[in-house]
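Data block below; observations after.
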Amino acid sequence: MMSIRIGDTAPNFKAKTSIGEIDFYEFLGDSWGVIFSHPADYTPVCTTELGRTASLKGEFEKRDVKVIALSVDSVESHKGWIQDINETQDTNVEFPIIADEDKKIADLYDMIHPNASETLTVRSLFVISPDKKVKLMLTYPASTGRNFTEVLRVIDSLQLTAKYSVATPADWKDGDDVVVMNSIKTEDIPAKFPKGHQVIKPYLRTTPQPNK
């Protein structure tokens, strides 16, 4: 099976989750989406990751992003684990956790890497745009928890660059200057970006973030 790549259409699926059965596309609607996998329920790193995601609920909502998690354990296991997450991470997990016991969705999204584990998913994360295209893929080993501040930073970049002819430089964060795309001629920059610009090199032009 070929793996998913950036720009591909995210596969749709139906699944049982901790909040009931869902159709993935219907769940996302016209919003952005994050789907991320976990090696197993009742594991320490996953517990902190789901707690962190729940604590960022307002940040995801502000960006119109719907979050859904996946583990190869059962719905009942998820529901018990959620109680532990809420207790230990002082939060309230409200987003759904997919029960992928037959590993069909994990296989669909290439979340099982046999050389790491033949049965458990690695820490895969996909950001999906409203047109259901895969815009970001991150894969961490089971031993390393994900950086959700980075996930939000990339979503900020994706949403910004989807609306304006700009790119974001290394270590960019919301509010920093951005790079003008090379498809824009230098003489056309003032009309498109009236806040001003700087020509560092003919191929490297920066401007203040246009939506700030």
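Points worth noting:
- Strands (runs of 3 or more DSSP E) wholly inside segment 173-212 that include at least 2 residues being open to solvent by 70 Å² or more (accessible area, probe 1.4 Å): 198-201
- Failed item in (1) over 28 Å from residue 47 (Cα atoms); (2) of a type outside the set (Phe, Trp, Tyr); (3) without any contact (Cβ under 8 Å) to a residue 24 or more places away in the chain, with residue 112 passing the rest: (1)
- No other residue among 71, 3, 31, 37 is small (Gly, Ala, Ser), open to solvent by less than 80 Å² (accessible area, probe 1.4 Å) and over 18 Å from residue 134 (Cα atoms) apart from 71.
- Test: residue in segment 24-45 that is under 22 Å from residue 144 (Cβ atoms), in a helix (DSSP H, G or I) and either among the charged types (D, E, K, R) or without any contact (Cβ under 8 Å) to a residue 40 or more places away in the chain (or both): yes
- Of all residues in segment 124-156 being open to solvent by less than 20 Å² (accessible area, probe 1.4 Å) and either assigned to a strand (DSSP E or B) or polar (S, T, N, Q) (or both), the one that is farthest from residue 37 (Cα to Cα): 129
- Within segment 10-19, the residues that satisfy the criterion of being farther than 23 Å from residue 150 by Cα and either part of a loop (DSSP other than H, G, I, E, B) or open to solvent by 30 Å² or more (accessible area, probe 1.4 Å) (or both) are 11, 12, 13, 14, 16, 18, 19.
- Residue within segment 97-117 that is within 23 Å of residue 140 (Cα to Cα), in contact with a helix residue (DSSP H, G or I) (Cβ under 7 Å, 6 or more places away or on another chain), open to solvent by 10 Å² or more (accessible area, probe 1.4 Å) and modelled with pLDDT of 95 or more present: yes
- Lone qualifier among 160, 136, 204 - being touching a residue at least 40 places away in the same chain (Cβ under 8 Å) and over 22 Å from residue 54 (Cβ atoms): 160
- In the set (1) closer than 22 Å to residue 6 by Cα; (2) modelled with pLDDT of 95 or more; (3) open to solvent by 10 Å² or more (accessible area, probe 1.4 Å); (4) not small (Gly, Ala, Ser), the condition left unmet by residue 93 is number (1).
The values are calculated or read from the model by the stated rules, or taken from the named source; none is laboratory data. This structure is a prediction, so every number in the text was calculated from the model and none was measured. Glycine gets a Cβ as well: all are built from the backbone with ideal geometry, and neighbour counts include every protein chain shown. The protein model used for the area step is the full one, side chains on, heavy atoms only, and it has no ligands, DNA or RNA in it. Shrake-Rupley method; radii C 1.70, N 1.55, O 1.52, S 1.80 Å.
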